[in-house]
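Note sheet for the following structure.
The values are calculated or read from the model by the stated rules, or taken from the named source; none is laboratory data. Note that this is a predicted model, so its numbers are computed, not measured. Quick reminder, even Gly has a Cβ in these numbers, built from the backbone with ideal geometry, and neighbours come from all protein chains shown. For accessibility, only protein heavy atoms count, side chains too; no ligands or nucleic acids. Shrake-Rupley method; radii C 1.70, N 1.55, O 1.52, S 1.80 Å.
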Amino acid sequence: MDDLYREVIIEHYKNPSYRGKLVPHDISFADNNPLCGDHIQIDLRVNKDGVVTEAMFDGHGCAISQASADLLMEFVIGKPLGEVKLLNKQDILDMLGIDLGPVRLKCALLSLKVLKAGVYGLGEAGDDLVE
Ligand code: ZN
């Protein structure tokens, strides 16, 4: 398993740039990946033009779940919500730069599910959000 963890993932896991909470925030959502025990909360600030100005995540879990959240926060800052809504599974895999089996894929996609459920104002984060 260890050879799957690229250095970039370990670095984002150990030294995340966007870990924390935004108070106040415009969008906040949280969910779990019960298969692995990962938990992610994402807070966003959005300006009047609908552009993400600040993004932070909080939570706990495996290296892939936490690193993908950190990479995703970095990516969405400065992006319009319309663009955030279009992010998909492949975008996350490109950020991580590794191939993942089905179990680890759920870890990697948790942050995107949480982000999109929050942006769409949904009450739950379904798998269909990340297809
Ligand atoms: Zn996990």
(message) I'd like the projected area of region 2-120, averaged over all directions, using the convex hull of its alpha carbons. Report it in nm² with one decimal.
(response) 6.7
(request) Please get the size of the charge dipole for the chain, origin at its Cα centre, with Cβ charges of +1 on Lys and Arg and -1 on Asp and Glu, quoted in debye to the nearest 20. (result) 260
(message) Suppose all protein chains stay in the model; what accessible area per residue would a 1.4 Å probe give for the chain, in Å²?
(response) 51
(message) Could you tell me the relative contact order of region 2-120? Use alpha-carbon pairs under 8 Å, at least six residues apart, and round to a whole percent.
(response) 29
(message) For the full complex of protein chains and a 1.4 angstrom probe, list Tyr18, Tyr120 by accessible area with the highest value first.
(response) Tyr120, Tyr18
(request) Counting other Cβ atoms within 10 Å, keep those with at most 16, restrict to DSSP loop, and tell me which trypsin sites (Lys or Arg not before Pro) in region 14-72 are left. (result) Lys21, Lys48
(message) Probe radius 1.4 Å, ligands and nucleic acids left out: which of Val103, Val51, Val76 has the largest accessible area, and how do the rest follow?
(response) Val103, Val51, Val76
(request) With a 1.4 Å probe and every protein chain kept in, tell me what percent of the accessible surface of the chain is carbon plus sulfur. (result) 51
